[in-house]
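I have placed the structure first, in the form of structure tokens, so that the comments after it can refer back to it.
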Amino acid sequence: MKRPTISLKARAIKYLSSREHSRLELARKLTPYAQDGDDIEALLNWLEQSNFLSAERFSESLVNRRASRFGNRRIFSELQSHGLETSVFDAIKQELIAGECGRATEVLLKKYGVPPENAEMRVKYSRFLLQRGFSGHVITHAIKMMCIDKNDE
């Protein structure tokens with residue numbers, strides 16, 4: 001027996017019930033299911049007006065999912081790739097900047113557990129954090145913090 005097709009609105013609400021989506025991401029997901037006469041832009045506008053779709057909630061959700069593993073560069077890049085304007089995540093940006101050094105140190109401790117013992121290990125740790133989107137200044141600080149914590153013990 002063939003399953004009944006669900007409407008575009010029902011599909012959008014189903015997507016939004018599982019997690020927050022950006023407007024651009026939701027439009028991309030709905031486009032393959034649009035039929036003649038479906039107006040995706042009108043649906044997205046209605047979802048925003050009804051507060052089902054929110055750029056602020058999406059940006060907060062993405063930051064909460066990514067902050068414990070990635071640096072600011074990577075997070076900001078991902079937010080921009082979703083078509084969000086920088087004004088949407090300006091408040092979140094300040095929080096991320098303030099805590100980035102601590103997050104980088106935690107990422108290193110979680111991955112390696114021990115401070116670098118030589119220059120080769122410092123380069124390895126630096127490369128790892130750089131791939132995660134942390135800045136050079138933050139990487140240097142995080143590695144120093146790991147070494148200080150080791151000396152305190």
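Name every residue in the stretch 64-88 that is touching a Phe, Trp or Tyr at 6+ places or on another chain (Cβ under 7 Å) and without any contact (Cβ under 8 Å) to a residue 40 or more places away in the chain, in order of residue number. Across the stretch 64-88, the qualifying residue is only LEU79.
Scanning the stretch 22-57 for residues that are part of a loop (DSSP other than H, G, I, E, B) and of a type in the set (Phe, Trp, Tyr) turns up just one, PHE52. The residue that is least open to solvent (accessible area, probe 1.4 Å), counting only those in the stretch 5-21 that are in a helix (DSSP H, G or I) and of a type in the set (Ser, Thr, Tyr), is TYR15.
Here SER22 meets each of (1) farther than 28 Å from LEU130 by Cα; (2) in contact with a His (Cβ under 6 Å, 6 or more places away or on another chain) with one exception, condition (1).
Among the residues of the stretch 132-145, is any closer than 29 Å to HIS21 by Cα, exposed (fewer than 14 other Cβ atoms within 10 Å of the Cβ), of a type outside the set (Gly, Ala, Ser) and free of Cβ contacts under 8 Å to residues at least 24 places away in the same chain? No, the stretch 132-145 contains no residue that is closer than 29 Å to HIS21 by Cα, exposed (fewer than 14 other Cβ atoms within 10 Å of the Cβ), of a type outside the set (Gly, Ala, Ser) and free of Cβ contacts under 8 Å to residues at least 24 places away in the same chain. Scanning the stretch 22-43 for residues that are touching a residue at least 24 places away in the same chain (Cβ under 8 Å) and open to solvent by less than 90 Å² (accessible area, probe 1.4 Å) returns SER22, ARG23, GLU25, LEU26, ALA34, ASP38, ILE40, LEU43. Residue count for the stretch 55-65 satisfying the condition of being surrounded by 18 or more Cβ atoms within 10 Å (Cβ to Cβ) and of a type outside the set (Phe, Trp, Tyr): 4. The set of residues from the stretch 105-131 being acidic (Asp, Glu) and either closer than 30 Å to SER61 by Cα or open to solvent by less than 20 Å² (accessible area, probe 1.4 Å) (or both) comprises just one member, GLU106.
Looking at the stretch 51-69, which of the residues that are more than 8 Å from the chain's Cα centre (by Cα) and of a type in the set (A, V, I, L, M, F, W, C) is farthest from LEU96 (Cα to Cα)? Of everything passing the filter in the stretch 51-69, PHE52 is farthest from LEU96 (Cα to Cα). For the stretch 89-104, a residue qualifies if it is assigned to a helix (DSSP H, G or I) and either open to solvent by 20 Å² or more (accessible area, probe 1.4 Å) or aromatic (Phe, Trp, Tyr) (or both), and the qualifying residues are ASP90, ALA91, ILE92, LYS93, GLN94, GLU95, ILE97, ALA98, GLY99, CYS101, GLY102, ARG103.
Residue pairs whose Cβ atoms lie under 9 Å apart, sitting 6 or more positions apart in sequence or on different chains, and linking a residue in the stretch 89-104 that is closer than 13 Å to LEU62 by Cβ and touching a residue at least 60 places away in the same chain (Cβ under 8 Å) to a partner that is open to solvent by 40 Å² or more (accessible area, probe 1.4 Å) and in a helix (DSSP H, G or I), do not occur here. Only one entry in GLU78, GLU120, GLU85 is in contact with a helix residue (DSSP H, G or I) (Cβ under 9 Å, 6 or more places away or on another chain), part of a helix (DSSP H, G or I) and of a type in the set (D, E, K, R), namely GLU78.
The values are calculated or read from the model by the stated rules, or taken from the named source; none is laboratory data. Not measured: the values here are computed from a predicted model. Cβ: placed from backbone, ideal geometry, glycine included. Neighbour counts: every protein chain shown. Note: accessible area is taken over every heavy atom of the protein model, side chains too, but ligands, DNA and RNA are not part of it. Shrake-Rupley method; radii C 1.70, N 1.55, O 1.52, S 1.80 Å.
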